[in-house]
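Before any comments, here is the structure.
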Amino acid sequence: MITAVMLLSSVLTLVSAAASFQIRGVDGALLHPFDPAGSANVLFFISVDCPISNSYAPEIQRLCERYAKQGVGCVLMYEDPDLSAGTARRHLQEYGYKGIPAAIDAERKVSSRAKADVTPEAVVVDQKGEIRYRGRIDNFYADFGKPRQQVTVHDLSDALDAVLAGHAVANPETQALGCTIVDPRLLRKQK
């Protein structure tokens, strides 16, 4: 039989694990992707060599700037194998990323926990540390190499608006289109 003490202990362990999960950013700061300082965090899983991921750089920056005013933090998670901090910093500069914390998820701990599997992919973590949305940023790409003339569905914005309003996200998971995030254990076996 589960006692109240056992249940409370389990809940405290889960809360402690979420709060203690951290990763070092490319600037040396400790980041807490699953423990938002404000109303939510958006984790953007990106890659320096994924054309679709790179094409979203302006939109990611626009969204981060727009939602920062409402207490939403953004974190860029690089999913490139063997990426150096210097290369990541050059990529941030080349694509105009300013003021958005970034980290190299070399062991895929963040992407595994968030269940992200492609770049670019967005994950919204609410104030309680719960994942409320996972998937594409919008529907700009109909398929690989097939961009639309105009975006008609703004999945990430819709999810953030719902989270900020305290509502359920209507479509909490969408299929992101991009470059596959490869498990680092598979890469080690190939070398």
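A short reminder: the numbers here are calculations on the coordinates, not readings from a lab. Please read all numbers here as calculations on a predicted model, not as lab measurements. Glycine also receives a Cβ, built like all others from the backbone with ideal geometry; neighbour counts cover every protein chain displayed.
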Notebook entry, point to check: Under the classification rounded if a/c is under 1.5, otherwise prolate if a/b is larger than b/c and oblate if not, where does region 98-191 fall, given a ≥ b ≥ c as square roots of the Cα gyration tensor eigenvalues?
Noted result: oblate
Item checked: Fraction of beta bridges assigned by DSSP in the chain that are antiparallel (%, nearest 5) -> 60
Note to self: Given points 7 Å out from each Cα along the Cα-Cβ axis, report the A165 to A106 separation in nanometres with one decimal.
What the structure shows: 4.3
Next item on the list: Could you check the simple spin-label distance between E94 and R66, using points 7 Å along Cα→Cβ, in nm with one decimal?
Entry: 2.7
Check: With charges set only on the Cβ (+1 for Lys and Arg, -1 for Asp and Glu), what does the dipole of the chain come to about its Cα centre, in debye to the nearest 20?
Finding: 300
Checklist line | Chain lengthening between S84 and A142 when straightened (0.36 nm per residue, less Cα-Cα) | finding: 17.7 nm
Next item on the list: Putting +1 on Lys and Arg Cβ atoms and -1 on Asp and Glu Cβ atoms, find which of S112, H154, A29 reaches farthest to the positive end of the dipole of region 23-190.
Entry: A29
Margin query: Viscosity 1.002 mPa s, temperature 20 °C: give me the Stokes-Einstein translational D for region 73-148 in µm²/s, with Rh taken as the Kirkwood radius over C-alpha pairs.
Written below: 153
Margin query: Quick check for me: using +1 on Lys/Arg Cβ and -1 on Asp/Glu Cβ, what's the dipole size of region 90-172 about its Cα centre, in debye to the nearest 20?
Written below: 180
Next item on the list: Quick one: order S112, S157 by neighbouring beta-carbon count within 10 Å, fewest to most.
Entry: S112, S157
Checklist line | Ratio Rg/Rh [Cα only; Rh per Kirkwood] for the chain | finding: 0.98
